[in-house]
Amino acid sequence: MRTDNAKSIYLKDYQPPHFLVDQVSVAFDLQPQRTLVTSHLKMRRNPASTEQSPELVLDGEKLKLLRLAIDDQELPEAAYQLDDHTLTIAEVKERFTLSTQVEIRPQENTALEGLYQSGKMYCTQCEAEGFRRITYFPDRPDVMASFETTIIADKAAYPVLLSNGNCVYQQDLPEGRHLVRWEDPFPKPCYLFALVAGDLRFQQDSYTTGSGRQVDLRIYVEPENIDKCDHAMVSLKHAMVWDEEHYGREYDLDIFMIVAVNDFNMGAMENKGLNIFNSKYVLARPDTATDSDFQHIEGVIAHEYFHNWTGNRITCRDWFQLSLKEGLTVFRDQEFSADMGSRGVKRIEDVRLLRSHQFAEDAGPMAHPVRPESYIEINNFYTVTVYEKGAEVVRMQANLLGAETYRKATDLYFERHDGEAVTTDDFVRCMEDASERDLSQFRLWYSQSGTPQVRVSTSYDEQQGILEITFSQTTPETPGQKQKQPFHIPIALALLDSQGESLPLKTSAAATGASREQVLELTEATQTFAFHDLVQQPVPSILRGFSAPVKLEYDYSDDQLMFLMARESDDFNRWDAAQTLARRTLLKLVAACQQGLPLALPGGFVEAYRLALTDQQADKALLSELLSLPSESNIGDQMTQVDVEAVHQARQWLKRALAEALRDDFAAVYEQNQSDAYEITSASIGQRRLKNLALNYLMSLEAPQIDRLCMAQFETADNMTDVMAALHGLVNRDIPERDRALSDFEAKWRKDPLVMDKWFAVQAGSNLPGTLSGVKALMEHPAFSIRNPNKVRSLIGAFCSTNLFAFHASDGSGYEFLTDQVITLDTLNPQIAARLLRIMSRWRRYDESRQQLMRKAFERVLAQTDISKDVFEIASKSVAEE
Ligand code: B3K
Ligand code: ZN
């Protein structure tokens, strides 16, 4: 086991940088065997630094130093020291220019951090700490410099040479080479640096900002993908308008570029003026991408674009403040998507993700606050807690302030901090200053980890017409945090009459002009609120719109849940009632499976589903959400110990029971929702979703007639949404159509890597026995490569994280498989290896024998000699004593 480099970095140790960089001039000479990077840094001592030492320490990894000079004087070897991570110069002046030349080998870079090759093109990924793999530099976000970048490369192979900012100079050079120079006038941290070189085509458009400036918009892709950029371009323009309208933010350079690359560790990267994207979040045509792909593209394009202000113009002081930019930008992209499509459905999707992943993270060994206190490898902290919980924390502040004051507060934030590297605390201070509210207790959301549990009880006094609602909050212990203080929790509340109408909320008998929805602010461990003038006992609608990231417990009866499922006007709570009912039912079925008792449905359950299925008024996407059963992992999350087999059995049984009872209704819905022309509008997306939900239920009947229907859809569909819905159904059936569909699909799409990702994922998720050996065989497929993160995620990741039943096979074969892949990947791409290993981090939730198998798997990982910091951190924290 290696621990030399695996030490924790603490927030409490933060020190301002000792030296600042004002200007960077960097030149890249891209040659087949090596790349030369020559840089000149104009540096000076930071007046705010407390340290007086004459020494200069720069970060640098995997660099071969060829030249080192200060103010043009070469430094003798005795004047500096090199190790694997730093370059230390013993003595420097107040102000100086540091020049270095290094050699790097992007063609050998499999970690996809720094400068690397994706197919034939060169590209970069510098966040969080990739720039130190390009040149020696103080690689930290609070060092902001303006950059001038020169790129020299062979013109035929790399006609397109891009970097941040505006293109200021181009020149042809001897031997078929050329030079291009870019200048970025906005000071930025080096994690926002980017370079791209390749034989690329671009789709071009233009945008005129509110103040009348014309911006050149370009999406660069490999030639074969030029017909898949329309949706990304439209999304970008929508995002630009939205940011002007909602935050008063205009774009600030003359050109905005997006480049799509196939090999990318995450979704996309907001480099100033030159966003680099995983091609998955750019490329789409109706026949290659599903509706949800289209929606994700819109969201990610907006997210990266929004970073231009929330992240780039105002950046993070240190990486503990990551949520300053990520939480805020996720909140912004969520609201943008809500405005572009169906607000209620978007909220449901976001909360579903939060509950399934973030609540799980908060309840496991990797739990950390939105502003973490320490890390070993920062790349492990790009988490659902920092992103999604961080977004909830911003959302709560926006709601507490109200739209108008929140806008004042963000205006103040942009005005006060433009060009600075700041903290989450600076952000909250702007919220406080604009609203004149004290948010000191609210700040606990940034520093305390764990998901608060809010228990609610009600008592109704019929005589006096008063309803008392009592809330009590507790937050479970998390690693390193035993004692918790009460949070400031906004609870949006309505009281519904028997028709589902919201009643006026009178906090005293004399109250007039009462509103029908109120945000109660919990600040204590226990608090009671009273509502007057209620002639009948109302049904409380609590935590509307999911107004706070908490676990709510209230003892609704089944009847009340069915009532809410039919009548609740808050889309989120309507969905939540349906989910609670289904989950409760499923848990009872799980218990029955465990005890070998006969399985039965509770009274009224089928009718409640029929009512929703035949609701003609509601948004069809919302109905599809309502009628989708909680996932196996969601059910498992409610159990003290997950019983993989019983959960699988219970869910399969319930799905089939509903399909049997509602067969005609599902068939009718399937027929009525066939549409002629494919459109990407909310209405048409909703229609496809409901139709495919019906097909999915019907397929659980395992009936030849339905298999044929499904195969017909697969064969005749003109869009990927319907094709994939059919393939999902077929892949769980042991029938000849399954193989035919899979091989037709493969023959048609084998040259399109993104479509092949779907083909891998659908097979990895199959319920049929033998899926693991299928997955192993697919790893030999010519379209698979362990070096491509999308392939790893779609085959290995999909199997381990979505196919719970197969992954947790009692013989431990799933764990062994995951461990083998993590070990192989760790030598190639530690970030991806660590992400994969995380899937097993909640191993303590399983039975004794599975726990032992998983613990052994972690031990095997930890025993590897050259283990990365990334994987070491996940493995060691996962097995640490609680
Ligand atoms: N800021 C990048 C994420 C970088 C991840 C580095 N491991 C994408 C985003 O959140 O917009
Ligand atoms: Zn982001």
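Relative contact order for region 315-447: what percent, with Cα pairs under 8 Å and sequence separation of 6 or more?
Normalised by residue count, the contact order of region 315-447 is 35 percent.
Relative contact order of the chain, please, whole-number percent, based on alpha carbon pairs below 8 angstrom and at least 6 residues apart.
Answer for the chain is 9 percent.
Work out, step by step, the length gained on full extension between Thr474 and Ser785: first 0.36 nm times the residue separation, then minus their alpha carbon distance; give nm to one decimal.
Value of the extension gain: 107.3 nm.
Taking 7 Å along the Cα-to-C-beta vector as the label spot, tell me the Val606-Ile466 distance in nanometres, rounded to one decimal.
About 4.6 nm separates the two model spin labels.
Grab the other residues whose beta carbon is less than 12 angstrom from that of Leu534, score K and R as +1, D and E as -1, and report the net.
Residues close to Leu534 contribute a combined charge of -4.
Whose amide H sits under 5 Å from the amide H of Cys316, counting only residues 5 or more places off or on another chain, with H placed in the peptide plane?
Val422
Can you order the peptides 47-57, 637-647, 316-326 by their average number of other Cβ atoms within 10 Å per residue, highest first?
316-326, 637-647, 47-57
Find out how many positive minus negative residues lie around Asp318, taking Lys and Arg as positive, Asp and Glu as negative, among other residues whose Cβ is under 9 Å from that of Asp318.
Result for the local shell: +1.
Output wanted: per-residue J couplings in Hz (rounded whole) for region 312-321, from phi through Karplus 6.51 cos²θ - 1.76 cosθ + 1.60, θ = phi - 60°, x for Gly and Pro.
Calculated HN-Hα couplings, in order: 8, 4, 10, 10, 8, 5, 8, 6, 5, 8 Hz.
When DSSP assigns beta bridges and you keep just the ones with both residues in the chain, what percent turn out antiparallel, to the nearest 5?
That works out to approximately 80 percent antiparallel.
Could you list Ser810, Ser700, Ser631 in order of exposure, starting from the residue whose Cβ has the fewest other Cβ atoms within 10 Å?
Arranged by neighbour count, lowest to highest, Ser810, Ser700, Ser631 become Ser810, Ser631, Ser700.
Along region 351-358, what does the Karplus equation 6.51 cos²θ - 1.76 cosθ + 1.60 (θ = phi - 60°) give for ³J(HN,Hα), rounded to whole Hz, x for Gly and Pro?
Couplings: 5, 4, 5, 4, 5, 6, 9, 6 Hz.
Set the Förster radius R0 to 22 Å, insert the Cβ-Cβ distance between Lys655 and Thr716 as r into 1/(1 + (r/R0)^6), and round the FRET efficiency to 0.05.
Once the sixth-power term is evaluated, E becomes 0.30.
Quick one: what are the phi-derived ³J(HN,Hα) couplings along region 173-180, Karplus 6.51/-1.76/1.60 with θ = phi - 60°, whole Hz, x for glycine and proline?
For region 173-180, the Karplus curve yields 10, x, 6, x, 9, 9, 10, 10 Hz.
Skipping prolines and chain starts, which residues have an amide H placed within reach, meaning under 5 Å, of the one on Ile255, given they are 5 or more residues away or on another chain?
Asp216
Ala268: net charge of surrounding residues, Cβ under 12 Å, Lys/Arg +1, Asp/Glu -1, itself excluded?
Once all neighbours under 12 Å are counted, the net charge is -3.
Per DSSP helix of 4 or more residues, -39500 (n - 2.57); summed, then divided by the residues of the chain. What does that give at 222 nm, rounded to the nearest 500?
Estimated from H runs of four or more residues: -11500 deg cm²/dmol.
Relative to the present Cα-Cα distance, how much length would full extension add between Glu224 and Gln107 at 0.36 nm per residue of separation?
39.8 nm
What's the exposure ranking of His357, His808, going from fewest to most Cβ atoms within 10 Å?
His357, His808
Roughly how far apart, in whole Å, are the Cα centres of region 132-149 and region 192-250?
After rounding, the separation between the Cα centres reads 25 Å.
Multiply the residue gap between Ala703 and Asp811 by 0.36 nm, knock off their C-alpha separation, and tell me the result in nm, one decimal place.
That pair, Ala703 and Asp811, stretches by 35.7 nm at full extension.
Give the relative contact order (percent, whole number) for region 10-136; include only Cα pairs under 8 Å separated by 6+ residues.
26 percent
Does anyone have the angle between helix 813-828 and the longest principal axis of the chain? Alpha-carbon axes, 0 to 90°, nearest 10?
It is inclined by approximately 20 degrees.
Quick check: the angle from helix 753-764's long axis to the longest principal axis of the chain, C-alpha only, nearest 10 degrees?
Helix 753-764 and the main axis of the chain meet at about 40 degrees.
First check a/c for region 456-608, with a ≥ b ≥ c the square roots of the eigenvalues of its C-alpha gyration tensor; if it is under 1.5, answer rounded, and if not, answer prolate when a/b is larger than b/c or oblate otherwise.
In terms of gyration-tensor shape, oblate.
What ranking of Lys42, Lys280, Lys389 emerges when the number of other C-beta atoms within 10 Å of each C-beta is taken as an exposure proxy, fewest first?
With the sparsest Cβ surroundings first, the list reads Lys42, Lys280, Lys389.
Label 7 Å along Cα→Cβ of Gln852; region 793-831 residues with amide nitrogen under 13 Å?
Once the point is set 7 Å along Cα→Cβ of Gln852, 811-812 turn out to lie under 13 Å by backbone N, inside region 793-831.
Taking the Cβ-Cβ separation of Glu524 and Asp205 as r and a Förster radius of 60 Å, what is the calculated FRET efficiency to the nearest 0.05?
0.65
Sequence-distant or interchain residues sharing an amide H contact under 5 Å with Ser541, placed H: which?
Ala494, Leu495, Leu496
For helix 424-435, what angle does its Cα long axis make with the longest principal axis of the chain, in degrees from 0 to 90 and rounded to 10?
60 degrees
Quick note: the coordinates plus some simple rules give every number you see, no bench work behind them. From a predicted model like this one, the values you see are computed outputs, not experimental measurements. Counting neighbours? That spans all protein chains shown, and the Cβs are built from the backbone with ideal geometry, glycine included.
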